[in-house]
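The values are calculated or read from the model by the stated rules, or taken from the named source; none is laboratory data. As the structure is a prediction and not an experimental result, all values here were calculated from the model. We place every Cβ from the backbone using ideal geometry, glycine too, and count neighbours over all the protein chains shown. Surface accessibility is based on the protein's heavy atoms, side chains included, excluding ligands, DNA and RNA. Shrake-Rupley method; radii C 1.70, N 1.55, O 1.52, S 1.80 Å.
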Amino acid sequence: MESRLRKIIVCDPDRCNGCRICEYVCSFASEGVLNIKKSRIRVVRIEPFLNLAVTCRKCEDPLCIKACPRDALTQKPNGVIVVDENKCNGCGWCVETCPFGVVRMHLDKRKVVVCDYCEKHGYPMCVEYCPKDALKYVTLDQAARELSKKAVQILVQELASR
Amino acid sequence: MKGYAGKYLMVDLTRGKTSVGKIEEQMALNYIGGYGFGARTLYDMLPNPAQVDPLSPENVLIWWTGPLAGTISTAGNKYAVFAKSPLTGIFGFGISSGLFASEFKSAGWDGVVFTGRSEKPVYLMIDDDNVELRNASSIWGKTTWETEEMIKEELGDESFTVASIGPAGERMVRLANITNERNRQVGRCGLGAVMGSKNLKAVAVRGTRDVEVADPQGLVRFIAELNERCQGPATEKYRVYGTPANILVHNKLGCLPSYNFQKGTFEYAEEVSGEMMLKTHVKKIIACAGCPIACDHVNQAREDYAGTVSSVDYESLALLGPNCGIRSLDAITKAVEICDTLGVDTISAGNVVGWAMECFEKGILTKEDTDGVELRFGSNEALLEALRRMCLKEGRLGKLLSEGVRRASQIVGKGSERFAVHCKGLEWAAYELRSLQTSTLGFAVSNRGADYLRSGSYQVDVKGKVDRLRLDKSRGKIVYDGENQYAVIDSLIICKFTRGIFQSMDELAKLYTLVTGLSMTGEQIVRAGERIHNVARCFNVKCGVTRKDDYPPPRAFEDPLPDDVVKGAVIKREEYEEALDSYYECRGWSRDGIPLKRKLLELGLSREAEEVGVEA
């Protein structure tokens, strides 16, 4: 798949209110348990106003892969990072290199985990369960178009109210 | 059984020792969690509550989550705190939400029971199984918001969630609350003062365990459906304007308390409405963990109070605003910030300051009594200064207000008791006394004192399902049903804003079963609600509560409303007596408000029947 067609999970900070439903759902979707500390997507709350959920961005030429001394991490053509648990020894270099902090060390297994975009469900469950549609599963091109649209709407409203 | 952690922590603060207790299946089935567990344990742990000074080491402080906490259940991450209340002298409890309860359950605990008193300030750290009382000397004196930051810093991980008291709790202000995650409070009944009396500054918790549920697939599917319903009309009010939407609704109906409940409308209602607030002050809407609704409207103040940030809901807004004659959203935002950071309940605070303003305007309190504060309705400066002094117990005014409205009015006397708007010592919330009369009955019979959260009986009034300007014998049943259902909601514990999305009590029972694996029907769960309510009442009877305590304050009977929309509305004594009788009859209590032995035995409460129950 061409990288420009890759869909990623993006989060709208205006809509995200920090409810963490994505985290609960993710732990269930990924491991069949309810434990937000095992979620691949994480909500960041910076008081008093900022909330944003972040997960794997499917980077081009990802730093996490480069950092792994045991070649445990690979990237599929659709951008999903795959962790070979037999090779990963939990050194955590990839955790340190990910600029978004979304490569995580699993609490029990001590192997790293990365969002797999719910490949086995066919669609990211966090996006499906987000009650405010803050999470979207889109290409970056679509995400940019939505932002442009929003900006234009605001501009038009402001012009109209003058 | 799943859902529950199955164990709770006991902390003896006097000896600095901890131990572990177990939750048995029978306890789970009979009392559900939250309110139910609190009623059961408070009754058991304080066998002679009348003899216990709430601020002495003999009082207990009990925290419970419910079976839903930490699961993905819709708006189900709540915890409740219990003690004999220093404000009311009876059954005291409050519920808060946020992430705290989820972390607590995930750490492997259903609750924690504190006894005794620590010699020095401490806080409790719970890190899964690792529990520790830690020195809190360096954080004693700090605000709740500072305390959260300092504890996270000290423990080296901001994923700890902290519930703490502010300087008001430390000083045992009787209105003191407990705050977690800045904006969420165990608000009522002065439980922060109980923490302060025990030298317990905070509880910090981090949990990393899976929360096991009986049917994860079924639960997640059911929650998807419930969360979808939460985007519908039943919760629209909360999502868009938050609870402040009530300002204009209540103003129109003449049931928005203003000027210490002298009126039921506010001439500047538009200026402090939810609609206005959303337009000019709301900077962000946030949600508690697991909540698909998101009602919390965080304000940013401007002009004189620029930089002030606080979360403003209807009760805070109405009592610190119209009830004190205040028309500035900036000042109200500041007032809430003072209450939240120094640590007092905004409802009680707005109520007692409103009372003091009426005293001042009537000449009952003078500038000498207020240490120079011109305590007039509508004065932003007076409100903020009074709140600050109350929280810090500063000077004559601060000390007086810190006692709560019942005690303060008894101290001042001179007829000020007549317009101290409370029941059983708990300050009346922002529902007018005379123009919502089913509500008033519900407030007056509530186990906690003047309480809008125990039966929701205002709903039939606001929705026009009954004649809200009078009472009759149909109202007892409305309050009775509401109380039993709310006791279930408060025990599970689930947010009341979801009540419109459940089609029946069977659905709540279904949720309980999906989580716990214990079979439960709607009828059984309501029965548990009735049982829970009766245990709390029996505790209150032991504290001396009888029929005489189940009345609204004199203003409800004696001062007809002046507002055009509800002109002359007043509660007629004989109608009230009839409605109260009808309530006792539904409850199976004596005419004096004491549970009958027969009723208690029917609910499986043999000890209560023996200790408290009376013959028909």
Backbone HN-Hα couplings from phi across region B:288-301 [Karplus 6.51/-1.76/1.60, Hz, Gly and Pro as x]: 6, 4, x, 9, x, 8, 6, 10, 7, 9, 9, 9, 10, 7
Part-to-part distance (alpha-carbon centres) for region B:351-422 and region B:1-25, which is given in Å: 42
Loss of accessible area when A meets B, both sides summed, Å² nearest 100, probe 1.4 Å: 2600
Within straight-line cross-link reach of B:Lys198, aspartates and glutamates at Cα separation under 13 Å, skipping those fewer than 8 residues along the same chain: B:Asp12, B:Asp53, B:Glu58, B:Glu119, B:Glu170
19 Å Cα-Cα reach of B:Lys252 towards lysines, excluding residues that sit fewer than 8 places from it in its own chain: B:Lys237, B:Lys263, B:Lys463, B:Lys465, B:Lys567
Under 22 Å from B:Lys599, Cα to Cα: lysines that are on another chain or at least 8 residues apart: B:Lys473, B:Lys477, B:Lys542, B:Lys548
Directionally averaged shadow of region A:59-114, computed from the convex hull of its alpha-carbon atoms, nm²: 3.5
Förster-model FRET efficiency, 56 Å R0, B:Lys465 and B:Lys120, C-beta, rounded to 0.05: 0.55
Gyration tensor (Cα) of the protein assembly as shown, equivalent ellipsoid semi-axes in angstrom: 43, 30, 26
Carbon + sulfur, % of accessible area of region A:59-114 - ligands and nucleic acids excluded, 1.4 Å: 51
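For the protein assembly as shown, what does the helix formula give at 222 nm: sum of -39500 (n - 2.57) over DSSP H segments with n ≥ 4, over the residue count, nearest 500 deg cm²/dmol? Let's see the in-between values first.
On the way: 30 runs with 293 residues, N = 778.
Estimated from H runs of four or more residues: -11000 deg cm²/dmol.
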Cα shape, region B:241-312, gyration tensor, a/c 1.5 rule: oblate
Heavy-atom surface of region B:526-607, accessible at 1.4 Å and reported per residue (Å²): 38
Per principal axis, descending, Cα span of region B:243-426 in whole Å: 48, 34, 32
Accessible area expressed per residue, region A:59-114, with surrounding protein chains retained (probe 1.4 Å, Å²): 57
Nearest 10 degrees, 0 to 90: helix A:21-31 Cα axis against chain A principal axis: 30
Lys pairs, region A:20-162 - Cα-Cα below 14 angstrom, 8 or more residues apart or on other chains: 7
Fraction of accessible area attributable to carbon and sulfur, region B:7-206 (%, probe 1.4 Å): 44
Centre separation in Å (Cα based) which lies between region B:60-122 and region B:199-261: 18
Interface residues, region B:40-75 - accessible area loss of 50 Å² or more versus chain alone, probe 1.4 Å: B:Ile72
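With the cut-off at 1.5 for a/c, could you classify chain B from its C-alpha gyration tensor as rounded, prolate or oblate?
Since a/c stays below 1.5, the shape of chain B is classed as rounded.
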Å² per residue, accessible surface of region B:243-426 at 1.4 Å: 30
Minimum 20 Å² accessible area buried by the other protein chains, region A:124-145 residues, probe 1.4 Å, relative to alone: A:Tyr129, A:Pro131, A:Lys132
Most to least packed among A:122-134, B:11-23 [average Cβ atoms within 10 Å]: A:122-134, B:11-23
Relative contact order, percent, chain B [alpha-carbon distance under 8 Å, six or more residues apart]: 15
Estimated inter-spin distance, A:Tyr137 and B:Ser519, nm [label 7 Å along Cα→Cβ]: 3.9
Nearest-0.05 FRET efficiency for B:Ala616 and B:Lys283, computed from C-beta distance (R0 45 Å): 0.20
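Fully extended, how many nm does the chain gain between B:Lys17 and B:Met1 (0.36 nm per residue separation, minus their Cα-Cα distance)?
Length gained between B:Lys17 and B:Met1: 2.9 nm.
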Difference of contour (0.36 nm per residue) and Cα-Cα distance, B:Asp371 to B:Lys414: 13.6 nm
Prolate/oblate/rounded label for region B:7-206 (Cα gyration tensor, a/c 1.5): rounded
Cα-only radius of gyration and Dmax that characterise region B:454-607, units Å: 17.5, 55
